[in-house]
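The structure appears below as structure tokens.
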Amino acid sequence: MSSSPEHAIDPNVAPSGAGCVECDAAGGWWVHLRRCAQCGHVGCCDSSPAQHATAHFTATGHPVVQSFEPGEDWFWDYSTNDALDGPELAGPAHHPLDQPAPGPAGRVPADWQSHIH
């Protein structure tokens, strides 16, 4: 793992919410969640139908995300396609424990596996 680019991580910024910002606004769903380490935007992973975390990187240039899944604390740099070490970020560190993956509850289609990347 490489060290984190300091300008791409703000450990004081809280996550934008408990789920993918864009999926929540559109009534969509996700497989797993990623949190922008620079601004806190929570987006869905690349396995998810809409891939909003990568779209956030493309739109903003914010390269580093951290998993927003319980029990995971890894960082990823989209600009280098490399795992990183990073600091502890402002809480919460993951989505609510009662929120399933894929999620959120009630919006995941029964055939969800046929929709993933």
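Taking the conditions exactly as written (surrounded by 18 or more Cβ atoms within 10 Å (Cβ to Cβ) and either under 25 Å from SER114 (Cβ atoms) or in contact (Cβ under 8 Å) with a residue 40 or more places away in the chain (or both)), does SER47 satisfy them or not? Quick ask: steps written out before the conclusion?
Working: surrounded by 18 or more Cβ atoms within 10 Å (Cβ to Cβ): no; either under 25 Å from SER114 (Cβ atoms) or in contact (Cβ under 8 Å) with a residue 40 or more places away in the chain (or both): yes.
Spelling it out, it is not the case that SER47 is surrounded by 18 or more Cβ atoms within 10 Å (Cβ to Cβ) and either under 25 Å from SER114 (Cβ atoms) or in contact (Cβ under 8 Å) with a residue 40 or more places away in the chain (or both).
For the range 25-38, which positions are under 16 Å from SER79 (Cα atoms) and either of a type outside the set (D, E, K, R) or at pLDDT below 95 (or both)?
Residues of the range 25-38 under 16 Å from SER79 (Cα atoms): 34-38.
Those that are under 16 Å from SER79 (Cα atoms) and either of a type outside the set (D, E, K, R) or at pLDDT below 95 (or both): CYS36, ALA37, GLN38.
Which one of these is buried (at least 16 other Cβ atoms within 10 Å of the Cβ) and in a helix (DSSP H, G or I): ALA93, ALA53, ALA59? Give the derivation first.
On the way: ALA93 fails: in a helix (DSSP H, G or I); ALA59 fails: buried (at least 16 other Cβ atoms within 10 Å of the Cβ).
Result of the check over ALA93, ALA53, ALA59: ALA53.
Sort out which residues of the range 96-117 are more than 23 Å from CYS36 (Cβ to Cβ), exposed (fewer than 14 other Cβ atoms within 10 Å of the Cβ) and touching a residue at least 60 places away in the same chain (Cβ under 8 Å), and write them in order of number.
Within the range 96-117, PRO109 is the sole residue that qualifies.
Among HIS56, HIS95, HIS52, HIS62, which is the only one that is in contact with an Asp or Glu (Cβ under 6 Å, 6 or more places away or on another chain) and of a type outside the set (Phe, Trp, Tyr)? Lay out the reasoning, then the answer.
Numbers: HIS56 fails: in contact with an Asp or Glu (Cβ under 6 Å, 6 or more places away or on another chain); HIS95 fails: in contact with an Asp or Glu (Cβ under 6 Å, 6 or more places away or on another chain); HIS62 fails: in contact with an Asp or Glu (Cβ under 6 Å, 6 or more places away or on another chain).
None of the others qualify; the one that does is HIS52.
Only one residue in VAL31, VAL65, VAL21 is in contact (Cβ under 8 Å) with a residue 60 or more places away in the chain, surrounded by 13 or more Cβ atoms within 10 Å (Cβ to Cβ) and of a type outside the set (Phe, Trp, Tyr). Which one?
Numbers: VAL65 fails: in contact (Cβ under 8 Å) with a residue 60 or more places away in the chain; VAL21 fails: in contact (Cβ under 8 Å) with a residue 60 or more places away in the chain.
Every option except VAL31 fails the conditions.
Kindly provide the set of residues from the range 68-95 that are in contact (Cβ under 8 Å) with a residue 12 or more places away in the chain and more than 23 Å from TRP29 (Cα to Cα), ordered by number.
Going through the range 68-95, the residues in contact (Cβ under 8 Å) with a residue 12 or more places away in the chain turn out to be 68-73, 75-80, 82-95.
Selection gives ASP77, SER79, THR80, ASP82, ALA83, LEU84, ASP85, GLY86, PRO87, GLU88, LEU89, ALA90.
The values are calculated or read from the model by the stated rules, or taken from the named source; none is laboratory data. Just so it is clear, the structure is predicted and the values come from calculations on it, not from any experiment. For neighbour counting, all protein chains shown are included, and Cβ atoms are generated from backbone atoms with ideal geometry for every residue, glycine included.
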